[in-house]
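Student: So that we are looking at the same thing, I have put the structure below in structure tokens.
The values are calculated or read from the model by the stated rules, or taken from the named source; none is laboratory data. No experiment lies behind these values; they were computed from the predicted model shown. Don't worry about glycine lacking a Cβ; one is built from the backbone with ideal geometry, like all the others, and counts go over all protein chains shown. Only protein heavy atoms, including side chains, enter the accessible area calculation; ligands, DNA and RNA are left aside. Shrake-Rupley method; radii C 1.70, N 1.55, O 1.52, S 1.80 Å.
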Amino acid sequence: MPEFQTDFDPAYGRLVPVAAHIGRVTANNPSAFTFAGTNSYVAGRTGCFVVDPGPDDDAHLDALVAAIAGRPVEAILLTHTHRDHTGLVRRLAASTGAPIVGGGPHRASRPLRDGEAHRLEAAGDTDLAFDRILSDGEQLTLGGLPVAVVATPGHCANHLAFAVGEDGVLFSGDHVMGWSTSIVAPPDGAMRDYMASLERLLARDDRLYLPGHGGVIAAPKPFVRGLIGHRRMRETAIVKRLAEGDRTIPEIVAALYKTVDIRLHGAAGLSVLAHLEDLVARGVVACDGPPTLATTYTAA
């Protein structure tokens with residue numbers, strides 16, 4: 001199991017140094033899904049760039065402007081297009097003249113199925129226009145620092161991580177966070193993509209993760225191993241519940257998420273669905289139609 005860290009001081013409104021030439025500013029938008037708030041980062045040796053401007057909030061904009069400290073902003077990088085990361089991007093781009101750069105328009109990991117509602121539609125910033133769309137493996141130089149693009153789909157289809165500098169620092173966005181596992185909720189996210197992206201990060205030699213929420217992750221490899229183990233244990237538990245007679249996602253959630261905040265049970269149901277989609281595709285689980293929240297499932 002990963003060792004989650006929840007003793008995080010968001011230091012709202014202040015620039016907190018977190019790595020060489022990188023500072024963090026945390027927005028005051030705490031919730032069950034954002035933890036203490038969304039982390040924005042200002043990085044650069046000469047000039048600077050901003051990663052994930054965060055929610056549309058006047059105080060947070062003022063804090064970012066203070067952190068930029070008059071330097072030219074060469075780009076605004078987005079790890080993905082959920083609104084708690086992009087809400088401020090238009091205003092920041094307008095005030096700095098910086099281009100908006102990332103993985104492209106918000107898109108789901110798969111099409112909606114017949115009769116299926118897009119329950120996280122409001123979370124996606126579907127109207128955002130990019131000045132530059134990045135591809136996996138691209139190499140940039142921003143703020144005098146090398147930046148490598150690492151595609152990490154799973155939380156959503158256009159999620160990117162960014163390896164910055166020469167010291168093994170990775171902006172991990174919402175793909176890997178120290179306080180909790182990432183939400184993987186179909187059709188926005190896909191469990192198969194998420195697990196493959198974790199394996200990809202495990203093969204890298206990064207020494208420090210800077211996530212979209214919560215504190216730094218100082219030992220990435222064992223933490224990512226823990227996340228993979230956690231998801232495999234959850235998968236095994238779901239198959240066991242089916243073998244013991246559960247047939248629906250609400251039954252599985254009631255059994256497996258007894259100690260989880262009730263506000264997160266909807267997200268838990270979507271996480272179970274993400275696992276079931278993968279299990280059905282692999283032939284481990286059978287179902288009476290396409291995998292949805294309302295489908296009946298059995299162990300194959």
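Student: If the requirement is being free of Cβ contacts under 8 Å to residues at least 40 places away in the same chain, β-branched (Val, Ile, Thr) and in contact with a Cys (Cβ under 9 Å, 6 or more places away or on another chain), which of these qualifies: Val65, Val73?
Tutor: Val73
Student: Take Ile183 and tell me if it is farther than 20 Å from Val16 by Cα, under 14 Å from the mean Cα position of the chain (by Cα) and β-branched (Val, Ile, Thr).
Tutor: yes
Student: Let me ask something else about it. Could you grab me the full set of residues in segment 10-30 that are part of a loop (DSSP other than H, G, I, E, B), over 13 Å from Ala63 (Cβ atoms) and within 20 Å of the chain's Cα centre (by Cα)?
Tutor: Pro30 - this is the single residue of segment 10-30 that is part of a loop (DSSP other than H, G, I, E, B), over 13 Å from Ala63 (Cβ atoms) and within 20 Å of the chain's Cα centre (by Cα).
Student: From the list Ala286, Ala281, Ala254, which residue is modelled with pLDDT of 95 or more and over 24 Å from Cys156 (Cβ atoms)?
Tutor: Ala286
Student: Is it the case that Ala237 is free of Cβ contacts under 8 Å to residues at least 24 places away in the same chain and part of a helix (DSSP H, G or I)?
Tutor: yes
Student: Does Val42 satisfy the criteria of being in contact (Cβ under 8 Å) with a residue 24 or more places away in the chain, outside any loop (DSSP other than H, G, I, E, B) and touching a Ser or Thr at 6+ places or on another chain (Cβ under 9 Å)?
Tutor: no
Student: Can you pull out the strands (runs of 3 or more DSSP E) entirely within segment 83-179 that have at least 1 residues that are touching a residue at least 60 places away in the same chain (Cβ under 8 Å) and either among the charged types (D, E, K, R) or within 30 Å of Gly70 (Cα to Cα) (or both)?
Tutor: Filter on segment 83-179 gives 139-142, 145-151, 160-164, 169-173.
Student: Given the residues Asp57, Asp62, which is the only one that is of a type in the set (Asp, Glu) and surrounded by 17 or more Cβ atoms within 10 Å (Cβ to Cβ)?
Tutor: Asp57
Student: Residue check: is Thr152 of a type in the set (Val, Ile, Thr) and open to solvent by 20 Å² or more (accessible area, probe 1.4 Å)?
Tutor: In short, no.
Student: Looking only at segment 79-110, filter to residues that are under 24 Å from Leu270 (Cα atoms) and touching a helix residue (DSSP H, G or I) at 6+ places or on another chain (Cβ under 7 Å); which one of those is surrounded by the fewest Cβ atoms within 10 Å (Cβ to Cβ)?
Tutor: Ranking the qualifying residues of segment 79-110, first place goes to Arg83.
A quick yes/no check of all residues on (1) buried (at least 20 other Cβ atoms within 10 Å of the Cβ); (2) touching a Lys or Arg at 6+ places or on another chain (Cβ under 7 Å):
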{"residue": "Arg247", "(1), (2)": "no, no"}
{"residue": "Pro250", "(1), (2)": "no, no"}
{"residue": "Ser271", "(1), (2)": "yes, no"}
{"residue": "Glu277", "(1), (2)": "yes, no"}
{"residue": "Val284", "(1), (2)": "no, no"}
{"residue": "Gly289", "(1), (2)": "no, no"}
{"residue": "Thr296", "(1), (2)": "no, yes"}
{"residue": "Ala299", "(1), (2)": "no, no"}
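Student: Criterion first (over 17 Å from the mean Cα position of the chain (by Cα) and part of a loop (DSSP other than H, G, I, E, B)) does Asp188 satisfy it?
Tutor: no
Student: On to the next question. Within segment 228-238, can you find the residues that are basic (Lys, Arg) and loosely packed, with under 14 Cβ neighbours inside 10 Å?
Tutor: Once the filter is applied, which keeps residues that are basic (Lys, Arg) and loosely packed, with under 14 Cβ neighbours inside 10 Å, segment 228-238 yields only Arg232.
Student: Still on this structure: Going by the structure shown, is Thr126 within 13 Å of the chain's Cα centre (by Cα) and closer than 19 Å to Arg107 by Cβ?
Tutor: No: the conditions fail for Thr126.
Student: Could you count how many residues in segment 170-197 are crowded, with 24+ Cβ neighbours inside 10 Å and β-branched (Val, Ile, Thr)?
Tutor: Adding up the residues that qualify gives 2.
Student: Which is open to solvent by 20 Å² or more (accessible area, probe 1.4 Å), part of a loop (DSSP other than H, G, I, E, B) and over 22 Å from Phe33 (Cα atoms), of Arg204, Arg200, Arg225?
Tutor: Being open to solvent by 20 Å² or more (accessible area, probe 1.4 Å), part of a loop (DSSP other than H, G, I, E, B) and over 22 Å from Phe33 (Cα atoms) holds for just one of Arg204, Arg200, Arg225, which is Arg204.
Student: Mind listing whichever residues of segment 247-290 are touching a residue at least 40 places away in the same chain (Cβ under 8 Å), assigned to a loop (DSSP other than H, G, I, E, B) and either under 21 Å from Ser182 (Cα atoms) or out of contact with any strand residue (DSSP E or B) (no Cβ under 8 Å at 6 or more places or on another chain) (or both)?
Tutor: Across segment 247-290, the qualifying residues are Asp261, Pro290.
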